[in-house]
Amino acid sequence: MPTSKPVAGSILAPMSFPKLGGGELSVGGENDKWTLFIVYRGKHCGRCKKYLKILNDMRSDWADAGFDVAVVSADTEAKAQADVAEFGWEFDLGYGLTEEQMGILGVYVSDPLSPTETDRRFAEPGVFVLRPDGSILLISISNGPSARPDLVELLDGMIFTIKNDRPPRGTA
């Protein structure tokens, strides 16, 4: 598994995940819109539920700003479906994020603390903003559940960035 982190301004190679409800959820490569791509820890994470509720409530705001939203975890289809059934998420949800894909994204990977937490290694949180050409504008990765970007502030910043055609920062 690669240990390097992606670089702002580089192109994220296209990757796909099984999509809840059928088909595939694809990110990276060229798209006609901007993409907000969120990697979450999985069904076992209560903090993820709070974060994704905020995201779900903001779906139309992100869409109005010209964004597709894609969310993925390493969970199984059954776990992803259980979360949607319980929380009513309406954004595109992928599952089955592989450790190879975690490595490409540069997210931290954790082992479960116990079998009651989860039954597999999982990705710690990651938030990526991709330009329509597939280049990475913003990378926010965390080694634990407590640190992730505020979605209201992030959207405000992305609207400013798009309006003013700001380049990726922190490229060196």
Might you check whether a residue that is among the polar types (S, T, N, Q) and within 12 Å of the chain's Cα centre (by Cα) occurs anywhere in segment 117-139? no
Count - residues of segment 56-91 that are assigned to a loop (DSSP other than H, G, I, E, B) and in contact with a Phe, Trp or Tyr (Cβ under 6 Å, 6 or more places away or on another chain): 4
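This table checks each residue for (1) in contact with a helix residue (DSSP H, G or I) (Cβ under 9 Å, 6 or more places away or on another chain); (2) not aromatic (Phe, Trp, Tyr).
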position	(1), (2)
Tyr40	yes, no
Tyr51	yes, no
Ala63	no, yes
Glu90	yes, yes
Leu93	yes, yes
Glu99	no, yes
Would you be able to tell me the number of residues in segment 92-125 that are surrounded by fewer than 18 Cβ atoms within 10 Å (Cβ to Cβ) and assigned to a strand (DSSP E or B)? 2
Scanning segment 66-79 residue by residue, those crowded, with 16+ Cβ neighbours inside 10 Å and either without any contact (Cβ under 8 Å) to a residue 12 or more places away in the chain or in contact with a strand residue (DSSP E or B) (Cβ under 6 Å, 6 or more places away or on another chain) (or both) turn out to be Phe67, Asp68, Val69, Ala70, Val71, Val72, Ala74
Can you name every residue in segment 2-36 that is under 20 Å from Ser140 (Cβ atoms), assigned to a loop (DSSP other than H, G, I, E, B) and not β-branched (Val, Ile, Thr)? Pro2, Ser4, Lys5, Pro6, Ala8, Gly9, Ser10, Leu12, Ala13, Gly28, Asn31, Lys33
Can you work out which of the residues in segment 1-48 that are hydroxyl-bearing (Ser, Thr, Tyr) and surrounded by 12 or more Cβ atoms within 10 Å (Cβ to Cβ) is farthest from Val69 (Cα to Cα)? Ser10
Does Phe128 satisfy the criteria of being aromatic (Phe, Trp, Tyr), at pLDDT 95 or above and assigned to a helix (DSSP H, G or I)? no
Filtered residue count, segment 132-164, keeping only those that are within 19 Å of Asp64 (Cα to Cα) and at pLDDT below 95: 0
Considering only residues that are β-branched (Val, Ile, Thr) and outside any loop (DSSP other than H, G, I, E, B), look in segment 131-172 and name the one that is surrounded by the fewest Cβ atoms within 10 Å (Cβ to Cβ). Val152
Tally of residues being touching a residue at least 60 places away in the same chain (Cβ under 8 Å) and either within 15 Å of Phe128 (Cβ to Cβ) or in contact with a strand residue (DSSP E or B) (Cβ under 7 Å, 6 or more places away or on another chain) (or both) across segment 25-65: 18
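The values are calculated or read from the model by the stated rules, or taken from the named source; none is laboratory data. It should be emphasised that the depicted structure is a prediction, and the values quoted were computed from it without experimental measurement. We place every Cβ from the backbone using ideal geometry, glycine too, and count neighbours over all the protein chains shown.
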